[in-house]
Amino acid sequence: MKRDVAYVRPGTLEEALYFLKEEGENSQILAGGTDVITGLRSGTVRSGLLVDISRIPELKGIEEKEDTICIGAGVTLSEIMTSNAVAPVAPLLQKAARVFGSTQIRNMATIGGNICRASPAGDTLPVLYAHEAQLELISSSSLRRMLLSDFIRGPGETLLGAGELLRGIRLKKVPEFCVHQFEKVGNRKVLAVSIVSLAALLSLDHTGIIEGARLAWGSVAPTVVRSTQVEQFLTGKPLTAKTLNETFPLVQEAISPIDDIRASAVYRRRVAAGLLFRLLKDREPRD
């Protein structure tokens, strides 16, 4: 049964937090609206009060600091694509934004919304996991920070508290990583929900030995998977097809894909391991 839905559009962060506190679990945050509006039409969103945060200036903008960039939760995917601040720090985030829906969707969808939806297929999430993104969560009485990997607990499940909203995302600059790779496999080239995705950051010495690795897979488990076992196995080894082939058992152990209308679990397992070979692009022949 659908409930009546009220709507407010606060002009400041303070006003938004007031409404969220007063309504508690009966409130629903509306930013870009690409998911919430669909949910209203289908009846899956039944909140008593929609709090539209799309025009709150405190949630906009991308700020550069000494060793980090801070991205407001209300920044759109289109804004991330064109940001001169994001480009040198997180080029993979811009690449993920480019394959996120259509131009119209990117103009509306926000990075905060993509995070809080907590979909295993969220395009920005593997990149943010690889960057060990830290979130700023604010309520009328507190401000707390936590890693994105701790915040997301399962599909659609987060540690966002009642009366709380995501204010921003902090990414540390990691200049030691010289290999930046993001790959997304879908049923078609554009407007596709991810079947499997991989975000990878590698640091290499002058001989091609891997000195550090961060790997994060999307759509292969209830949450994004980052395997320390695979990362540790790669460290100290040359970036070659032989090395990557030897990681396959570890990748298969780390992931737990499902069968759905887009792909089978077996196919996802093959693709998740196979995407590692994209790290060899422009480095050595596949054979």
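The values are calculated or read from the model by the stated rules, or taken from the named source; none is laboratory data. In this text, all values refer to a predicted model and were calculated from it rather than measured experimentally. In this analysis, Cβ positions are derived from the backbone assuming ideal geometry, glycine residues included, and neighbour counts consider all displayed protein chains. Accessible surface areas use protein heavy atoms only, side chains included; no ligands, DNA or RNA. Shrake-Rupley method; radii C 1.70, N 1.55, O 1.52, S 1.80 Å.
Extension gain for E14 to S42 (0.36 nm times residue separation, less C-alpha to C-alpha distance): 7.0 nm. Of S256, S102, the order by accessible heavy-atom surface (1.4 Å probe, DNA, RNA and ligands excluded), from most exposed downward, is S256, S102. Between T38, T124, T110, the GNM of the chain built on Cα springs shorter than 10 angstrom shows T38 fluctuating the most.
Compared with the rule-of-thumb size 2.2 N^0.38 Å for a compact globular protein, the chain has a Cα radius of gyration ratio of 1.03. Atom-type composition of the exposed protein surface of the chain places 50 percent of the accessible area on carbon and sulfur (1.4 angstrom probe).
Here, the stretch 170-274 is characterised by an Rg to Rh ratio of 0.99, where Rg is the alpha-carbon radius of gyration and Rh the Kirkwood radius. Under 5 Å between amide hydrogens, built in the peptide plane, is the criterion, and for R167 it picks out E136, L137, I138 among residues at least 5 positions away or on other chains.
In the stretch 84-231, the alpha-carbon atoms span a convex hull of 125 Å³ per residue. Placing dummy labels 7 Å off each Cα toward the beta-carbon, the span from D259 to A85 is 4.7 nm.
Rolling a 1.4 Å probe across the protein heavy atoms gives the chain an accessible surface of 49 Å² per residue. Using C-alpha pairs below 8 Å separated by at least 6 residues, the relative contact order for the chain is 15 percent. Test of understanding: in a Gaussian network model of the chain with alpha carbons linked when under 10 Å, which of R106, R268, R145 would top the mean-square fluctuation ranking? Comparing R106, R268, R145 in the GNM, the peak value goes to R145. For the stretch 19-112, the convex hull spanned by the alpha carbon atoms encloses 113 Å³ per residue. The charge dipole of the chain, taken about its Cα centre with unit charges on the Cβ of Lys, Arg, Asp and Glu (plus for the first two, minus for the last two), comes to roughly 860 debye. Approximating the spin labels as points 7 Å out from Cα along Cα→Cβ, the Q232-to-S142 distance works out to 3.3 nm. Using a Gaussian network model of the chain in which every pair of alpha carbons under 10 angstrom is joined by a spring, one finds that among G156, G72, G112 the greatest mean-square fluctuation is at G156.
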